[in-house]
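Heads up: the structure comes next, in structure tokens.
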Amino acid sequence: MEPTNVLLVDDLPENLRALNALVRADDRVIYQARTGEEALTLLLEHEFALAIVDVQMPGMDGFELAELMRGTGKTRHIPIVFVSAAGKELNYAFKGYEAGAVDFLYKPLDPEAVKSKVNVFVDLFRQKQEVRQIVEQREATVRELNAVQQELQRALEMRDQFMSMVAHELRTPLNTLYLEAQMRKLQLERGNMDHFAPEQLERMVARDMRQIHAMVRLIDDMLDVSRIRAGKLSIRPARVDLEALLQRIVGDLSHHAADMHSELRLSIVQPVAGCWDEFRVEQVIVNLINNALRYGGGKPVDVRLHADSQNARIEVIDQGVGIPEEVLPKIFEPFERGKMEGMPAGLGLGLYISRQLAEAHGGTLAARSKPGEGAVFIFTLPRVEEMPTPAPSTDKDILPLPASCA
């Protein structure tokens, strides 16, 4: 328990010493003031259980000090006990009570009475402190419960939104496959085998593969999120040549870019190799390129590879409409994209997963953008011969499997 403060105010040192001897205790701190001005300074700096004030002091007397105390919020509720050597016929006690005193003592003081009164006010002060602490703890508990309730409500809303978005995202490819199957069944029933000529079959298979790939990608994203949050998504490092990897990825996605009336341009500023999980690094890069093509407005998308002594840096740059300033801080949060005005509907998992994978490698994934000026995504990987243990993420850690790539 913290010690309790008591203030003694008297212009005579001998009186202060006598009062101090009466009221001091191991659990108290006694402050002394010889003028009203000194007393006010102490009252504003500390919290007191009681002030014992001499009435007759030069300059500011006890009554004036009491009036000032009652006019200030910090000192208004401090109990004041007046002490006076004047006779009772001067009616100081009545004036003292009018000034806000809780008691009035005449000199010579009765030591036992003084001790008893001080003990009472100190006990009352401590009880008030305990009640205040209980109230503050209760209020803190209520705030915590409200926060938990809001978080639970948000989790429920996210779950419902997530299930709704998953159903929507799966319905499109499933409906397409179902309609295709119905159409083929109808052609078979009519004996129209020309519908299944080699060229048409090739187009059918290609359409089916696109829809199946869309569903597999969605399911993989959901599984990755579950693994990330459970801390079970492992990183398997091996020697990776980023220049070769980027050339392969850009080559594979060039046809997709052409279908979207866009173009992929690769620039190798500095070749670099390092110790990373090639599958996961490719996953991040492919996601960034697909996003750039989706939001790039049909304009070319640039992929650049830089390196210095510490890091490899991959930049994916589009020339689209850009990302609104208020949206930019949220783009790496899960399930947020579908709630952002002006953004296409979707689960919004790709950038979240990509950032988690970047951090699992000890790297970073950041974005900068201005409306109307496109967007730049910067994927940074540390140049190390052995995978580091990543810093804790906002979810559970994604722990790599330590392995040398020498």
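What to note about this one:
- The conditions of being of a type outside the set (A, V, I, L, M, F, W, C), closer than 19 Å to His361 by Cβ and under 31 Å from the mean Cα position of the chain (by Cα) are met by Asp277.
- Residue selected from segment 228-239 under the condition buried (at least 21 other Cβ atoms within 10 Å of the Cβ) and in contact with a helix residue (DSSP H, G or I) (Cβ under 8 Å, 6 or more places away or on another chain), by the criterion modelled with the highest pLDDT: Ile235
- Number of positions in segment 14-27 that are of a type outside the set (A, V, I, L, M, F, W, C) and buried (at least 17 other Cβ atoms within 10 Å of the Cβ): 1
- Taking the numbered list (1) part of a loop (DSSP other than H, G, I, E, B); (2) among the β-branched types (Val, Ile, Thr); (3) in contact with a strand residue (DSSP E or B) (Cβ under 9 Å, 6 or more places away or on another chain) in turn, Val6 passes all entries but (1).
- Residue within segment 338-347 that is assigned by TED's automatic domain parsing to the domain that holds Val272, closer than 24 Å to Phe279 by Cβ and either modelled with pLDDT under 90 or surrounded by fewer than 19 Cβ atoms within 10 Å (Cβ to Cβ) (or both) present: yes
- Test: residue in segment 140-158 that is under 30 Å from Glu282 (Cα atoms), assigned to a helix (DSSP H, G or I) and among the hydrophobic types (A, V, I, L, M, F, W, C): yes
- Candidate set from segment 50-108 (those that are out of contact with any strand residue (DSSP E or B) (no Cβ under 7 Å at 6 or more places or on another chain) and within 21 Å of Leu22 (Cβ to Cβ)); member that is surrounded by the most Cβ atoms within 10 Å (Cβ to Cβ): Met57
- Every residue from segment 359-370 that is closer than 14 Å to Pro237 by Cβ and modelled with pLDDT of 90 or more: His361, Gly362, Gly363
- Exactly one residue out of Thr380, Thr394 is buried (at least 18 other Cβ atoms within 10 Å of the Cβ), among the polar types (S, T, N, Q) and either modelled with pLDDT of 50 or more or under 19 Å from the mean Cα position of the chain (by Cα) (or both): that is Thr380.
- Residues in segment 9-32 that are assigned to a helix (DSSP H, G or I) and of a type in the set (S, T, N, Q): Asn15, Asn20.
- Residue match in segment 202-209 (condition: surrounded by 12 or more Cβ atoms within 10 Å (Cβ to Cβ) and within 45 Å of the chain's Cα centre (by Cα)): yes
The values are calculated or read from the model by the stated rules, or taken from the named source; none is laboratory data. No experiment lies behind these values; they were computed from the predicted model shown. Backbone-built Cβ (ideal geometry, glycine too); neighbour counts: all protein chains shown.
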